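Structure, as structure tokens:
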Amino acid sequence: MIILGIESTAHTFGIGLVTDKGQILANELDSFHSAEGGMIPHEVAEHHEQVAEDVLQKALQKAKVSWKDISCMAYSAGPGLDPALWKGYEKAKGWSQRYKKKLIGVNHPAAHLSIGKQLHRLQDPCYLYVSGVNTQVIVQEGGKYRVMGETLDIGLGNMLDKFGRMIGLGFPAGPKIEGLAKGGKYVALPYVVKGMDVSFSGILTKICQLAEKGFAREDLCFSVQETCFAMLTEVAERAMAQTNKQELLLVGGVGANKRFGEMLSIMCKERQATFYNVPVELVRDNGAMIAWEGYLRRKESSDISVNPLWRIDEV
């Protein structure tokens, strides 16, 4: 069985093809970029419209398959940017009708978790999901996802992008912040952990104030990484202690940051647990993870339209 997955929740339009054994045959994508404005919803939707057919053809060619080889189609139904989600859904709906394939709507965060679990053959991990909008510590209990802690305001990825735009790094800013941080030294910032939850808005305000006062970009990038990653390492460790989990899986776009992975790896080693992350082509939004989640949900989901506010603990 071959499943086609369509990702369109935010700045990336992706198409992946996977088998029912978890083999990734293709994972093509095209991402929206902006020098100044970040993700402008209608521009992101226009981007998806423009690149969809090209990304589809590249994926089919990479996998060396045709529509007759595809058993069903999965698409990201939410959460995400409303216009971007609807554009992906329109493309999925059109292709499913044209080629007579079953359509399976899936939860985008759940797809991040399931592809990482499949990749490493994990049994019962604690998940740390850190992307643009999402920052959550998640476990699975009785077949349901449970959010043990999360951001109380903005996701870490969005916070970093806002800061990056403020100091002229463009969008997305995360990789540039990581690069600048290598030459920086620590400047004190707020450290905001409230039980199992975290907050980043106060940190954003503070670093923007420091930037306006002329503090070096390298120092601010280093400090924001060290502070925010330490906060998340703390709540992840607390979640593992409370649930007796011995596996920690980092997913989401911010998981591509090497310093973040290093801090989590040290924490896990100290508590005799094991840290896992996923390669960059799977840590970011992509179609392969949607396809795999579609395979897992093929018997319980179908064409469910779009839900921009669909939380993972509703899955």
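Nothing in this text is a laboratory measurement; each read-out follows from the coordinates by a stated rule. Quantities reported herein were computed from a predicted structural model and do not represent experimental measurements. We place every Cβ from the backbone using ideal geometry, glycine too, and count neighbours over all the protein chains shown.
A few comments on the model shown:
- Two tests apply to each whole DSSP H helix in the chain, Cα reach of 30 Å or more along its axis and mean Kyte-Doolittle hydropathy of at least -1.0, and the ones passing both are 41-63, 217-243.
- Hits among aspartates and glutamates - C-alpha to C-alpha of Lys21 under 14 Å, sequence gap 8 or more where chains match: Glu293
- The charge dipole of segment 115-266, taken about its Cα centre with unit charges on the Cβ atoms of Lys, Arg (+1), Asp and Glu (-1) only, comes to about 200 debye.
- Euclidean distance of C-alpha centroids, segment 15-54 and segment 214-251, integer Å: 28
- When all alpha carbon pairs of segment 247-315 are counted in 10 Å bins from zero, the resulting P(r) reads 17, 37, 30, 14, 1 %.
- Cα lying deepest toward the dipole's positive end in segment 261-315, options Ser305, Ile290, Leu264, charges on Cβ: Leu264
- Computed label-point distance, nm, for sites Tyr186 and Arg146 using a 7 Å Cα→Cβ extension: 3.4
- Excluding same-chain neighbours fewer than eight residues apart, the lysines reachable from Lys206 by a Cα-Cα span under 30 Å are Lys162, Lys176, Lys182, Lys185, Lys194, Lys258.
- Directionally averaged shadow of segment 124-280, computed from the convex hull of its alpha-carbon atoms, nm²: 8.8
- Nonlocal amide H pairs with Leu152, under 5 Å, H built at 1.01 Å: Val198, Ser199, Phe200
- Structure-based [θ]222 nm, the chain - -39500 (n - 2.57) summed over DSSP H runs of at least 4, per residue, nearest 500: -14000 deg cm²/dmol
- Evaluated on the chain, the Kirkwood hydrodynamic radius is 19.8 Å, with distances taken between all distinct Cα atoms.
- Per-residue Cβ neighbour rank within 10 angstrom, fewest leading, Ser223, Ser76: Ser223, Ser76
- Extension gain for Gln123-Glu262 works out to 47.8 nm (0.36 nm per residue, less the C-alpha to C-alpha distance).
- Calculated FRET efficiency, Gln209 to Asp153, Cβ-Cβ distance, R0 = 22 Å: about 0.80 to the nearest 0.05.
- Summing charges over all other residues whose Cβ lies under 13 Å from the Cβ of Gly80, with Lys and Arg as +1 and Asp and Glu as -1, gives -1.
- Sparse packing (at most 14 other Cβ atoms within 10 Å of the Cβ) combined with a DSSP loop state is found for the following trypsin sites (Lys or Arg not before Pro) in segment 237-315: Arg271, Lys299.
- Beta bridge orientation in segment 124-280: antiparallel %, DSSP, nearest 5: 60
- Approximating the spin labels as points 7 Å out from Cα along Cα→Cβ, the Lys102-to-Gln272 distance works out to 4.5 nm.
- Farthest positive-ward along the chain dipole, Cα basis, beta-carbon charges - from Tyr186, Leu250, Pro83: Leu250
- The chymotrypsin sites (Phe, Trp or Tyr not before Pro) of segment 96-195 meeting both criteria, a DSSP state outside H, G, I, E and B (loop) and at most 16 other C-beta atoms within 10 angstrom of the site's C-beta, are Tyr186, Tyr191.
- Antiparallel DSSP beta bridges within the chain, percent to nearest 5: 60
- The calculated FRET efficiency for Lys62 paired with Ser31, based on their beta-carbon distance and R0 = 22 Å, is about 0.80.
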